Amino acid sequence: MTTRMVQCLKLGKEAPGLPRPTYPGDLGKRIYLNISEEAWKSWVSHQTMLLNEYRLTPVDPKARKFLEEEMEKFLFTDDFTKIEGYVPPSE
């Protein structure tokens, strides 16, 4: 099985794409076509930090709306919510 490659908008490079859509609707289609598996994994980590920092409940409609907006900003812009005091691990 060959790996599907995408021109990842988040990473700015060609990288292995997601094996299947991970989110419903038009946003999910946009993510599937333009976001790499690596960038998606970084979003999942960031989402976990948001859930913990803001004590969000994923079943709460307001929390889901906030997370969807943050996901779109995180994956497609540089204007997303940063967790205060968080320092990413150096490679």
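The values are calculated or read from the model by the stated rules, or taken from the named source; none is laboratory data. Note that the structure is a prediction, hence the values are computed from the model and not measured. Reconstructed Cβ throughout: ideal geometry from the backbone, glycine too, with neighbour counts over all protein chains shown.
How many of the residues in the stretch 41-59 are outside any loop (DSSP other than H, G, I, E, B), surrounded by 15 or more Cβ atoms within 10 Å (Cβ to Cβ) and of a type outside the set (S, T, N, Q)?
Of all residues in the stretch 41-59, those outside any loop (DSSP other than H, G, I, E, B) come to 41-53.
From what is left, the residues that are surrounded by 15 or more Cβ atoms within 10 Å (Cβ to Cβ) are 42-43, 46-47, 50.
After this cut, where a residue has to be of a type outside the set (S, T, N, Q) as well, the list is 43, 46, 50.
Residues meeting the conditions: 3.
Kindly provide the set of residues from the stretch 74-91 that are surrounded by fewer than 16 Cβ atoms within 10 Å (Cβ to Cβ) and at pLDDT 95 or above, ordered by number.
Of the stretch 74-91, the ones surrounded by fewer than 16 Cβ atoms within 10 Å (Cβ to Cβ) are 77-79, 81-91.
Listed by number, the list is empty, since nothing qualifies.
When residues of the stretch 1-25 are filtered for being part of a loop (DSSP other than H, G, I, E, B) and among the charged types (D, E, K, R), how many remain? Outline the logic, then answer.
Let us first name the residues in the stretch 1-25 that are part of a loop (DSSP other than H, G, I, E, B), namely 1-4, 9-12, 18-24.
Subsequent filtering for residues that are among the charged types (D, E, K, R) retains 4, 10, 20.
Residues that pass the stated criteria total 3.
Given the residues E70, E38, which is the only one that is in a helix (DSSP H, G or I) and in contact with a strand residue (DSSP E or B) (Cβ under 8 Å, 6 or more places away or on another chain)?
Testing whether each residue is in a helix (DSSP H, G or I) and in contact with a strand residue (DSSP E or B) (Cβ under 8 Å, 6 or more places away or on another chain) leaves just E38.
Go through the stretch 26-72 and give me each residue that's under 10 Å from the mean Cα position of the chain (by Cα), of a type in the set (D, E, K, R) and closer than 27 Å to T3 by Cβ.
Passing the criteria: E37, E38, K41, E72.
Looking only at residues in the stretch 19-65 that are at pLDDT 95 or above and among the aromatic types (F, W, Y), which one is farthest from E84 (Cα to Cα)?
Y32
Here's a check for you: in the stretch 4-30, which residue that is among the basic types (K, R) and under 22 Å from K65 (Cα atoms) is surrounded by the most Cβ atoms within 10 Å (Cβ to Cβ)? Write out each step before concluding.
Applying the first criterion (among the basic types (K, R)) to the stretch 4-30 yields 4, 10, 13, 20, 29-30.
Subset that is under 22 Å from K65 (Cα atoms): 10, 29-30.
Details: K10: 20, K29: 12, R30: 16.
Per the criteria, the residue is K10.
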